[in-house]
Amino acid sequence: MTELVEHGKLFIGGEWTDPLGTDTIRIVSPHTEQVIGSVPHASKADVDRAVAVARKAFDEGPWPRMTLDERIAVVSRIKDAIAVRHEEIARSISSQNGSPYSWSVLAQALGPMMVYDAAITVARAYPYEEHRQGVLGPILVRREPVGVVAAVIPWNVPQFVAAAKLAPALLTGSTVILKPSPEAPLDSYILADIAREAGLPEGVLSILPADREVSEYLVGHPGIDKVSFTGSVAAGKRVMEVAARNLTRVTLELGGKSAAVVLPDADVATAVAGIVPAAWMNNGQACVAQTRILAPRSRYEEVAEALAEAAGALVVGDPLDPATQLGPLVAERQRQRSLDYIRIGQEEGAKVLAGGGRPAGLEQGWYVEPTLFGDVDNSMRIAREEIFGPVVCLIPYGDEAEAVRVANDSDFGLSGSVWTADVERGIDFARRIRTGTFNVNTFSLDMLGPFGGYKNSGLGREFGPEGLSEYLEHKMIHLPATYSSGAGEAGA
């Protein structure tokens, strides 16, 4: 039985504060379907209060005026505290969204530590000031913090995405209002404790759990300088529309329908071993999941058999059981969405090779079997629309040119992979795919490089120097023709 976790206050500007509204958010376990916690629902008045203290902290407070080393020291303490509390964080997230605990330890807790570490590495090396010789004389180019940031995060990997936004924003000197999803706000209270103990100055961080209406109010607030959003394409378009009223800068990390391509020369056993955890990761609730698997017709049956066997062997059950490989979906609506797509796929003529319904013995909870469709045509809805559940498509192709065409024939362009005996051939294949990230004979996400999407998968980048730049304004200072400096580049 999961212990009931109840919070009565909001974290605004570094202080635990009584909410100005009376609404609450109830968090329901996707495994037991029972209430496991509650938090205050932030109101628009709470948003006004958080923006005001963030604005004051940015305009007048010490945080943007500290040295880079001083900010790194605070962010390092946040990272170190996450390490100490990583099991608590993993359990909290798994209990809310159904992530398998073993996966949560790596991706929901240790993953954020890696994000903070990588961001610190990038921040140390970043050129915040540089002298250039311009056309008309010397110029000084500065990169300065963007200001007050609204960071809107999803329920599927809340602490990982929070770190992806907080790390660059804080390191560059901005202040942040973090808006967790109402499905998974409990872990944000752990983060608030950590941030307070780490020594963030007053006003630098607020955390406001809220629904879509309040989120829109935050995104459209005139006191916000930048919005960083992770979520669905539909919600991302709405964020962009609302932010445009104030010409607020936006970064959007949206959905995906990524292709894992098995080339004819690949070792099938090796490819399947790499693809399965990438396809069904986090119960299929991952924007980078490899949900379209492309197999050559010459080896289609071999790949289909191996994938179906592997999918059927996945251990489904209680997300807090360390043996579980696939847990429940976050909400009843998500379970029904997956079941609806399974029905649609069958109506479209695809063949269920594994799964296709509720797992036996799990009558309670929002569970769906790991499902594999075969004989899928790329024009089918199950191949074109992001399901965000444990439903994967196997698509046959002829030659390599067709594989490239099918992989690129998508409204999305977030991730992908290719599996081959020849790495150079894989690199050449990767160069032809229109996605923001791609993998050759592996599946990973490196936080020192840029992450983001082409097409409907988003705008802007996270991670690496490219991600850090999203939280900086670029200023050019013209200098007299006679000016000379040996200072070169300077730190923040």
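The values are calculated or read from the model by the stated rules, or taken from the named source; none is laboratory data. Remember, predicted model here, so these are calculated numbers, not experimental data. Neighbour counts run over all protein chains shown; Cβ positions are idealised from the backbone, glycine included.
I'm trying to understand the selection: among the residues of segment 346-375, which are within 29 Å of the chain's Cα centre (by Cα) and either basic (Lys, Arg) or loosely packed, with under 14 Cβ neighbours inside 10 Å (or both)?
GLY357, ARG358, GLN364
In segment 7-21, is there at least one residue being in contact (Cβ under 8 Å) with a residue 40 or more places away in the chain and under 30 Å from ARG335 (Cβ atoms)?
Yes, there is a match, as at least one residue in segment 7-21 is in contact (Cβ under 8 Å) with a residue 40 or more places away in the chain and under 30 Å from ARG335 (Cβ atoms).
Considering only segment 195-225, state which residues are over 21 Å from the mean Cα position of the chain (by Cα) and farther than 24 Å from MET240 by Cβ.
ARG196, GLU197, ALA198, GLY199, LEU200, PRO201, GLU202, GLY203, VAL204
Residues of segment 443-487 being of a type in the set (Val, Ile, Thr) and assigned to a strand (DSSP E or B), which ones?
Across segment 443-487, the qualifying residue is only ILE477.
I'm checking my understanding of the structure. Among residues of segment 461-492 that are over 24 Å from LEU68 (Cα atoms) and surrounded by 11 or more Cβ atoms within 10 Å (Cβ to Cβ), which one is modelled with the lowest pLDDT?
Ranking the candidates gives TYR483 first.
Checking ASP265 against (1) more than 30 Å from ASP422 (Cα to Cα); (2) assigned to a loop (DSSP other than H, G, I, E, B), which test does it fail?
(1)
Here are LEU307, LEU339, LEU329, LEU320: which of them is under 20 Å from ILE275 (Cα atoms) and either surrounded by 14 or more Cβ atoms within 10 Å (Cβ to Cβ) or within 28 Å of the chain's Cα centre (by Cα) (or both)?
The unique qualifying residue is LEU307.
For segment 77-99, what are the residues that are in contact (Cβ under 8 Å) with a residue 12 or more places away in the chain, over 22 Å from VAL35 (Cβ atoms) and out of contact with any Phe, Trp or Tyr (no Cβ under 8 Å at 6 or more places or on another chain)?
ARG77, ALA81, ALA83, ARG85, HIS86, GLU87
Working only within segment 25-52, note down all residues that are closer than 24 Å to PRO328 by Cα and either of a type in the set (Val, Ile, Thr) or touching a residue at least 40 places away in the same chain (Cβ under 8 Å) (or both).
Within segment 25-52, ILE25, ILE27, VAL28, SER29, PRO30, HIS31, THR32, GLU33, VAL35, ILE36, GLY37, VAL39 qualify.
Before we move on, is SER99 assigned by TED's automatic domain parsing to the domain that holds ARG26, under 30 Å from PRO390 (Cβ atoms) and either aromatic (Phe, Trp, Tyr) or in a loop (DSSP other than H, G, I, E, B) (or both)?
Yes: the conditions hold for SER99.
Restricting attention to segment 134-157, does a residue exist that is touching a helix residue (DSSP H, G or I) at 6+ places or on another chain (Cβ under 8 Å), among the aromatic types (Phe, Trp, Tyr) and more than 18 Å from VAL288 (Cα to Cα)?
no
Only strands (runs of 3 or more DSSP E) wholly contained in segment 1-79 count here; list those with 1 or more residues that are surrounded by fewer than 21 Cβ atoms within 10 Å (Cβ to Cβ), at pLDDT 95 or above and acidic (Asp, Glu).
Qualifying strands (runs of 3 or more DSSP E): 15-17.
Conditions (1) more than 18 Å from VAL262 (Cα to Cα); (2) polar (S, T, N, Q); (3) buried (at least 24 other Cβ atoms within 10 Å of the Cβ), marked per residue:
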site: ARG381; (1), (2), (3): yes, no, no
site: ALA401; (1), (2), (3): no, no, no
site: VAL404; (1), (2), (3): no, no, no
site: ALA407; (1), (2), (3): no, no, yes
